[in-house]
Amino acid sequence: MSPPLSRVLYIDDDAALCRLIVRSLARKGFDVTSACSGPDGVALVERERFDVIAVDHYMPGRDGIATLEDLMAIEDCPPVVYVTGTDEGKIAVAALKSGAVDYIVKSADEDFLDLLASTFAQVVAQEDLRRARDRAEADLRATNQRLEALLREVNHRVANNLQMVMSFVGMQANAIAGDLDAGGAREVLRKTQARIATIAQINRRLYSTGELLQEMPLGSVHESAYGAKYYHLHRADLHAALAATVRELDPAAIVLDSAARHFSETRDSVTVQFASGATASGDLLIGADGIKSAVRSQIVGATQAEFTGYVSWRAIVPSSRLPPARILLRL
Ligand SMILES: Cc1cc2nc3c(=O)[nH]c(=O)nc-3n(C[C@H](O)[C@H](O)[C@H](O)COP(=O)(O)OP(=O)(O)OC[C@H]3O[C@@H](n4cnc5c(N)ncnc54)[C@H](O)[C@@H]3O)c2cc1C
């Protein structure tokens, strides 16, 4: 089945030219209707659907620009091509500013009819593309709204489930009678409950920009939970303090520039081979050699670090610029 002809409305007071255009453009695949004045053309657009409209500039009564303004006032008006009698830039600019999508200079030869046909074809194709894009954008907006609703629902359910788990853990903690709590089970359960509360708090604030994701209670809250003050210190200072203490206990304990390669075990001892060829033996080996640990690789095999997809940026903000509620203690 051949596609439907594009419907064109040609508004011009020159009846002979209109008849010529109707006949000629029919051969080029357009279904052209003509109107011999601006108001007649506007009335037709209000009643019928056209794919493209052409408006002539020089018309008695309401001229092309006035007609164009009337057309633009119609909701969802088809694209308008402006036809001027002269190659006058000012008229073309005024037409484009008033809402025409293109303009053509009228002439008496066959070229004018070809130009009309190719311009109409181009405008109709552009309009089809615009409508397709609008439909795609509307679909995308609808899909996004559905996904956001789904995300809110999932978030809500996770929050509810975490709340239930927290309540169960709390009930378990309460159920442990004082004399049965020799191993500190109640305290362990209380801490577990607090951790779940933190996860629930993070979950509540996920997917919303600019909100607080996590809070670390410091000051007296930290002190009562962990029995010590919370300090910030430079990593190198911590290293120096730890190294000094170890050296005080055994000046030869720290040996730098010694990459462990491999270890071997007997029933009573373990021996580490270093890259330098040196070895060291002891009762126990603690492999604290970081994320690419050679010791761990020997025990569990080579493991690949995996990117979780989380990226975080860190910054230091002067405490003077924090809102007062966030400051527990200013030193
Ligand atoms: C920029 C940055 C900021 C961070 N900030 C924080 C923070 O504020 N708070 C926090 O809790 N965590 C933070 N972390 C994470 C924290 O640093 C690490 O989780 C922690 O250092 C890991 O300790 P580790 O002892 O397992 O390994 P590492 O600290 O990496 O120590 C491993 C040590 O083993 C040595 N080594 C490696 N291979 C061998 C080998 N074959 N033989 C002998 N020695 C070997 C290395 O030289 C290194 O000295 C941060 C990490 C980075 C990268």
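The values are calculated or read from the model by the stated rules, or taken from the named source; none is laboratory data. On a predicted model such as this, the values are computed, not experimentally measured, just so you know. Neighbour counts are summed over all protein chains in view; Cβ atoms, including those assigned to glycine, are modelled from backbone coordinates with ideal geometry.
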- request: Identify, by number, the condition in (1) near the ligand (Cβ under 10 Å from one of its atoms); (2) under 30 Å from Glu187 (Cα atoms); (3) surrounded by 12 or more Cβ atoms within 10 Å (Cβ to Cβ) that Glu223 doesn't meet.
  value: (1)
message: Can you report the number of residues in segment 260-298 which are surrounded by 10 or more Cβ atoms within 10 Å (Cβ to Cβ) and either among the β-branched types (Val, Ile, Thr) or within 15 Å of the ligand (Cβ to nearest atom) (or both)?
response: 25
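Could you tell me whether Arg195 is part of a helix (DSSP H, G or I) and either over 40 Å from the mean Cα position of the chain (by Cα) or modelled with pLDDT under 85 (or both)?
It is false that Arg195 is part of a helix (DSSP H, G or I) and either over 40 Å from the mean Cα position of the chain (by Cα) or modelled with pLDDT under 85 (or both).
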- prompt: Which of the following residues is farther than 21 Å from Ser6 by Cβ and among the basic types (Lys, Arg): Lys90, Lys106?
  reply: Lys90
statement: If we ask which residues in segment 230-259 are under 30 Å from Pro217 (Cβ atoms), surrounded by 10 or more Cβ atoms within 10 Å (Cβ to Cβ) and either of a type in the set (Gly, Ala, Ser) or away from the ligand (no atom under 11 Å from the Cβ) (or both), their number turns out to be 4
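Among Ala149, Ala173, which is the only one that is buried (at least 17 other Cβ atoms within 10 Å of the Cβ), farther than 30 Å from Gly64 by Cα and without any contact (Cβ under 8 Å) to a residue 40 or more places away in the chain?
Numbers: Ala149 fails: buried (at least 17 other Cβ atoms within 10 Å of the Cβ).
That would be Ala173, the only listed residue that is buried (at least 17 other Cβ atoms within 10 Å of the Cβ), farther than 30 Å from Gly64 by Cα and without any contact (Cβ under 8 Å) to a residue 40 or more places away in the chain.
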query: Which of the residues spanning segment 97-129 are among the charged types (D, E, K, R), surrounded by 12 or more Cβ atoms within 10 Å (Cβ to Cβ) and out of contact with any Pro (no Cβ under 6 Å at 6 or more places or on another chain)?
result: Asp102, Lys106, Asp114, Asp128
field: Residue list for segment 240-270, restricted to those being of a type in the set (Val, Ile, Thr) and closer than 22 Å to Ala302 by Cβ
entry: Val270
query: Quick one: would you say Asp268 is touching a helix residue (DSSP H, G or I) at 6+ places or on another chain (Cβ under 7 Å), of a type in the set (Asp, Glu), more than 30 Å from Glu215 (Cβ to Cβ) and modelled with pLDDT of 90 or more?
result: no
field: All positions within segment 1-54 that are charged (D, E, K, R) and either in a loop (DSSP other than H, G, I, E, B) or touching a Leu at 6+ places or on another chain (Cβ under 7 Å) (or both)
entry: Asp12, Asp13, Asp14, Lys28, Asp31, Glu48, Arg49, Asp51
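It is to be established whether one or more residues within segment 116-132 are out of contact with any Cys (no Cβ under 9 Å at 6 or more places or on another chain), in a helix (DSSP H, G or I) and over 30 Å from Val22 (Cβ atoms).
For segment 116-132, residues out of contact with any Cys (no Cβ under 9 Å at 6 or more places or on another chain), in a helix (DSSP H, G or I) and over 30 Å from Val22 (Cβ atoms): absent.
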message: Residue under question is Asp56, and the condition is that it be among the charged types (D, E, K, R) and buried (at least 21 other Cβ atoms within 10 Å of the Cβ); does it hold?
response: yes
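Residues checked against (1) out of contact with any helix residue (DSSP H, G or I) (no Cβ under 9 Å at 6 or more places or on another chain); (2) surrounded by fewer than 16 Cβ atoms within 10 Å (Cβ to Cβ):
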site: Asp31; (1), (2): no, yes
site: Ala35; (1), (2): no, no
site: Val45; (1), (2): no, no
site: Pro60; (1), (2): yes, yes
site: Thr67; (1), (2): no, no
site: Asp70; (1), (2): no, no
site: Pro78; (1), (2): no, no
